[in-house]
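Asker: The following block contains the structure, expressed as structure tokens.
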Amino acid sequence: MIEHHLPALQVLLPLFAAPLLMFLVRWPTLAWAVTTAVCWAALLVSALLLEAVWAGGPISYAHGGWEPPYGIEYRVDTVNAFVLLIISGISAIVMPFARDSVEQEVPRDRIAWFYTAFLLANAGLLGIAITGDAFNIFVFFEISAIASYALIAMGRDRRALLASFTYLIMGTIGTTFLLIGIGFLYMMTGTLNLADLAERLPAVHDTSTIRAAFAFIAVGVSLKLALFPLHLWLPNAYTYAPSMVTVFLAATATKVAIYVLLRFFYSVFGVEFSFGVLPMGYVLMPLALLGILIPSIVATFQADVKRMLAYSSVAQVGYIILGFSFASTLGLMAAMLHLFNHAITKAALFMALGAIVYRIGSPRIDAMAGIARDMPWTMAAFVVGGLSLIGVPLTAGFITKWHLLLAALEAGLWPIAVFLLATSLIALIYIGRVVEAAYFRERPAGAVPVREAHPALLLPTWALALASVVFGIHTALPIGAAARAAELLLGGYP
Amino acid sequence: MNPHIVLRVGAKLLIPVIVLFGLYVQFHGEYSPGGGFQAGIIFAAALILYALIFGLETVQRAVPPGAVHALAGLGALLYMSIGIWSMLAGGNFLEYKVLLADAQRAEILGIILIELGVGVTVATVAITLFYSFAGRMRPEQDGG
Amino acid sequence: MEWLGLYNYWVVVVLMMTGFYVVIAQGNLIKKIVGLNIFQTSVFVFYISLAKLDGGTAPVYVEGTTAYTNPLPHVLILTAIVVSVALTAMGLALAVRVYEAYGSLEEDEINAQDEQDA
């Protein structure tokens, strides 16, 4: 009975809890507790969904009993079950961290509103991943986006406001482009259901309308996923947002947009059209390579560690798109793996940084001089996350880079293999700068003494840091899921 | 205190009609063009017109912001509760033909409740938007 | 004069480019929001005009009509308009807060203030 409703519950849980929180404005701790419970319940739902999909193939859920393609369908297969697990997993783990962090950064009377917006953003992201309807993707994009703008604007620095505004302008242009693209698709096929679109598109492939639709969707979603050079909104938004928001958005928001692009390129338009008829491989690959190189270099010059990690996020999107652009099983596996690995790695790094900022009050490298002695556990988690970001063997990051390497060699592109090694060295430089400051510099004389971070902050940070090691050694689950997902994507709409 | 007598009398004549029209659009939504979205906005327009002419405080005494917030949440909750109710009754989310024994009556019941939820939320959210922006302007432009 | 037959698309293109230009060229935050609204409106017009059928009537059953205008895009655009209203409200709210924090709505003045801080 309840198994049948799992897809609806996945989105409904956070969506239903969001307006409930409005009544808990006077009890912020209760609001936090409800949010935490909902996030863990959503994680349970997505774990059950992944299990069900793994064993029994795609699940379809018809809203209001209107059968697809007429009604709105939620459709879960291995690809989006995996993405759902990433989103709900990160939101569940970030919640114990959120309590102290949010209390420090958000005025007390706004905490319940903050969690309302957080749950709406969460519901929106889950909705994007789960829905099988093109217009529904647009609506959920906007739900998550509007909630994210509000969350970012709650940052303490007044620059958060302008960062949020820039994100609003660029994000809206992105989703409006997506809307135009969907309009073109509807014009030619008369359907909005993704599976139905995939079936009807081949008949009208060879029209300029469909090519225009493709272009609008590609550019629109690329804006949302911060594909270089459309990433300009990202560094400021991540830098000035409250710590907890940065952790959540960095780990999930761009990932979901990447999933949408994967879905459209591979499932809806099909590999032959996207990478055969249209030369998307030749468009995406150079952008991905530039997107890895330039933001990585920019990251090494940042004095603000949060901004440095934000630029590194743009570079990591480049890695995912690189895997994406090979249009091969190995490349797609690398992309799917990095969706997962980067989510846990970057969340661990931002959490460790959040815990440090909580104590020293500044995210600048100079302020972090010598803190490793006072905060050994937090810095150790940062180092573990950093190693995974660089791609050192026995960490999750290595697994991705290894698959990217294999995919590049399989495609006969050995310069890319060299390039990957070189860019990993750049990551080593920027992570190294932080480690150098924290471990090998003296605490400036007269600095306020700091204590180790509170266990409530430390525990989730370490959970994710350990996860990035565990999934670097015990790789069966992510690789298995990624392989299944890659196969599914290359095989058209299941 | 308010010199605009034409506006005041005009508004007093217009507002009941606007509210009535809002209710008409609300309850005719399932037969003819209309529904919760449009009705909610029309309803909010009546209140905003009143606030423009008689001042924000007057309106907020009758319709306090706290109540508006609560109603916005309740409307959304009503909408989703109908969905959950139909899940409990054995259908899919929002499949309201299973709510009553008679499928046709259940459809009508479902859509009226759904539209009520939409109408309440849209009206209160529009009013909230007006309140928050108008409230911000107060200190500088408190003329009339 | 075949291209005139598709005048609805010309309207859409002109609106879209006007809006897009305003978003990019204007430094004032409010004007940017206005531009964004024009840009989104062009998409609404696009959807509505693609639903229109020559000689079609409203999709209500009437004796003697066979052609109906497609109501689905209208519903989609109703949703998109609501989204656009929410976005406009969000954008204006941010603009108000920016003005309260910086005392200006011009992007370059705000950036200049930020550089002084840094």
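Table: residues versus (1) farther than 14 Å from A:Ala481 by Cα; (2) without any contact (Cβ under 8 Å) to a residue 60 or more places away in the chain; (3) assigned to a loop (DSSP other than H, G, I, E, B).
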site	(1), (2), (3)
A:Ala47	no, yes, no
A:Pro68	yes, no, yes
A:Gly71	yes, yes, yes
A:Asn80	no, no, no
A:Ile93	yes, no, no
A:Pro96	yes, no, no
A:Arg99	yes, no, no
A:Trp113	yes, no, no
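Asker: Report the residue count in the stretch B:81-96 for those that are at the interface with chain A (Cβ under 8 Å from one of its Cβ atoms) and surrounded by fewer than 19 Cβ atoms within 10 Å (Cβ to Cβ).
Answerer: 1
Asker: Then there's this: Within the stretch B:22-49, can you find the residues that are free of Cβ contacts under 8 Å to residues at least 24 places away in the same chain and under 12 Å from the mean Cα position of the chain (by Cα)? Before you say what the answer is, go through the steps one by one.
Answerer: Here is the first cut: in the stretch B:22-49, the ones free of Cβ contacts under 8 Å to residues at least 24 places away in the same chain are B:23-25, B:28, B:31-34, B:38.
Residues satisfying the conditions are B:Leu23, B:Val25, B:Gln38.
Asker: Here is a list: A:Ala437, A:Ala481, A:Ala456. Which entry is assigned to a helix (DSSP H, G or I), touching an Asp or Glu at 6+ places or on another chain (Cβ under 7 Å) and modelled with pLDDT under 90?
Answerer: Only one candidate passes the filter, namely A:Ala456.
Asker: Something else now. Quick test of your reading of the structure: A:Thr78 fulfils all but one of (1) at pLDDT 90 or above; (2) within 21 Å of A:Lys255 (Cβ to Cβ); (3) away from chain B (no Cβ under 14 Å). Name the failing condition by number.
Answerer: (1)
Asker: If I ask for residues that are surrounded by fewer than 24 Cβ atoms within 10 Å (Cβ to Cβ) and either assigned to a helix (DSSP H, G or I) or at pLDDT 95 or above (or both), which ones from the stretch A:150-161 would you list?
Answerer: Residues satisfying the conditions are A:Ala150, A:Arg159.
Asker: Show the residue pairs that are 6+ apart or on different chains and have beta-carbon atoms under 9 Å apart, the first residue being within the stretch A:1-25 and closer than 20 Å to A:Val106 by Cα and at the interface with chain B (Cβ under 9 Å from one of its Cβ atoms), the second being of a type in the set (D, E, K, R) and buried (at least 19 other Cβ atoms within 10 Å of the Cβ).
Answerer: Here the result reads none, with nothing in the stretch A:1-25 linked to a residue that is of a type in the set (D, E, K, R) and buried (at least 19 other Cβ atoms within 10 Å of the Cβ).
Asker: So for the stretch A:412-423 (the condition being of a type in the set (A, V, I, L, M) and part of a loop (DSSP other than H, G, I, E, B)), does at least one residue qualify?
Answerer: Applying the first criterion (of a type in the set (A, V, I, L, M)) to the stretch A:412-423 yields A:413, A:416-418, A:420-422.
From what's left, part of a loop (DSSP other than H, G, I, E, B): A:413.
Yes - at least one qualifying residue is present in the stretch A:412-423.
Asker: Give the residue that is nearest to A:Ala438 (Cα to Cα), with candidates limited to residues of the stretch A:340-379 that are assigned to a helix (DSSP H, G or I) and polar (S, T, N, Q).
Answerer: Out of the qualifying residues, it is A:Thr378.
Asker: OK, next. Evaluate the following for A:Thr400: is it closer than 20 Å to A:Ile87 by Cα, at pLDDT 85 or above and either exposed (fewer than 15 other Cβ atoms within 10 Å of the Cβ) or of a type in the set (S, T, N, Q) (or both)? Please lay out each step first, then the result.
Answerer: Working: closer than 20 Å to A:Ile87 by Cα: yes; at pLDDT 85 or above: yes; either exposed (fewer than 15 other Cβ atoms within 10 Å of the Cβ) or of a type in the set (S, T, N, Q) (or both): yes.
It is true that A:Thr400 is closer than 20 Å to A:Ile87 by Cα, at pLDDT 85 or above and either exposed (fewer than 15 other Cβ atoms within 10 Å of the Cβ) or of a type in the set (S, T, N, Q) (or both).
Asker: Kindly indicate the residue of the stretch A:164-191 that is more than 7 Å from chain C (Cβ to nearest Cβ) and among the small types (Gly, Ala, Ser) and also surrounded by the fewest Cβ atoms within 10 Å (Cβ to Cβ) among those meeting that condition.
Answerer: Ranking the candidates gives A:Gly190 first.
Asker: Same structure again: Scan the stretch B:77-88 and tell me whether some residue there is among the hydrophobic types (A, V, I, L, M, F, W, C) and more than 30 Å from A:Leu13 (Cβ to Cβ). Write out each step before concluding.
Answerer: Our first condition is that a residue be among the hydrophobic types (A, V, I, L, M, F, W, C); within the stretch B:77-88, this holds for B:77-78, B:80, B:82, B:84-85, B:87-88.
So of that shortlist, the ones also more than 30 Å from A:Leu13 (Cβ to Cβ) come out as none.
No, every residue in the stretch B:77-88 fails to be among the hydrophobic types (A, V, I, L, M, F, W, C) and more than 30 Å from A:Leu13 (Cβ to Cβ).
Asker: Please specify each residue of the stretch A:289-315 satisfying the condition of being over 20 Å from A:Gly385 (Cβ atoms) and crowded, with 24+ Cβ neighbours inside 10 Å.
Answerer: A:Gly291
The values are calculated or read from the model by the stated rules, or taken from the named source; none is laboratory data. For clarity, every value in this text was computed on a predicted model and none was experimentally measured. Ideal geometry is used to build each Cβ from the backbone, glycine not excepted, and the neighbour counts take in all protein chains shown.
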